[in-house]
Each structure stands twice: as C-alpha cells, then as structure tokens.
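Nothing in this text is a laboratory measurement; each read-out follows from the coordinates by a stated rule. Owing to the predicted nature of the structure, the values given are computational and were not obtained by experimental measurement. Cβ placement follows ideal geometry from the backbone for every residue including glycine, while neighbour counts extend to all protein chains displayed.
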Amino acid sequence: MWPFVFLQSWMQTASAVMGLALDAQSVVNLRLMGLAGLRPSPRGECWRMIQEKPQAFWAAGLAWQKALLAGGDWHAQTQAATRPLARKARSNHRRLARR
C-alpha cells in the first residue's frame with residue numbers, strides 16, 4: 001500500500017509543478033512578444049512583471065512556512081508553496097492571452 005500512496009502524492013506534486021512551469025513559460029513568451037512589438041501589450045507591463053514577483057514569492061514562502069509548522073509532509077509543503085505562484089502565473093497567462 002505504501003508505494004502506491006507515495007507514488008500518488010509524487011504524481012500530484014509533479015503535475016502541480018509542471019503546470020506552474022508551463023504557465024510561467026507561456027507568460028514569459030507572451031511578455032517577450034509584447035516587448036518585441038509582435039503583439040499588443042498592456043501599458044505598464046514591464047513594471048508589473050517586476051513588481052509582482054516579490055509579492056508572489058513572499059506569499060509562497062509564507063504558505064510553505066505555515067505548512068512546515070503545521071507538520072505537513074513534503075507533499076503538503078510543496079503544494080502549499082507552489083499554489084500562490086501557480087495562481088499568479090495562471091492569472092497572468094489568462095490576462096495576457098486575451099489580448
């Protein structure tokens with residue numbers, strides 16, 4: 001029973017991190033195309049991408065610390081840390097892809 005539980009938690013964590021990586025890469029591509037003039041880009045996008053990172057990483061660190069202090073296993077800690085970053089990357093992707 002134990003290997004299957006471990007494998008299931010590992011797969012959930014890996015898919016969450018992979019989703020974050022794909023959303024983050026698509027946001028980078030959309031922003032670079034906007035900066036190069038290949039697609040319309042919202043005003044102030046350069047400043048926005050600089051200003052949002054400290055807030056997102058602060059939220060991720062705080063969520064990780066809460067999961068750590070609550071006694072969560074590595075799966076719960078990783079999920080808690082990636083959730084704020086994934087939420088921000090997903091919202092950026094949706095916002096930039098609409099244009």
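General remarks:
- Taking the helices alone, the chain has a mean residue ellipticity at 222 nm of -30000 deg cm²/dmol, built from -39,500 (n - 2.57) per DSSP H run of at least 4 residues and averaged over all its residues.
- Each label was represented as a point 7 Å from its Cα along the Cα-to-Cβ direction; for VAL17 and ARG43 these points are 4.1 nm apart.
- Correct option for volume of the Cα convex hull per residue in Å³ [calculated from the coordinates] among [x] 93; [y] 115; [z] 84: [z]
- Most positive-pole-ward Cα, GLY61, ASN92, MET11, against dipole of the chain from beta carbon charges: ASN92
- GNM result for the chain, Cα springs below 10 Å: residue of GLY37, GLY72, GLY61 fluctuating most strongly: GLY37
- What you get for the chain, charging only the Cβ of Lys and Arg (+1) and of Asp and Glu (-1), is a dipole of about 600 debye around the Cα centre.
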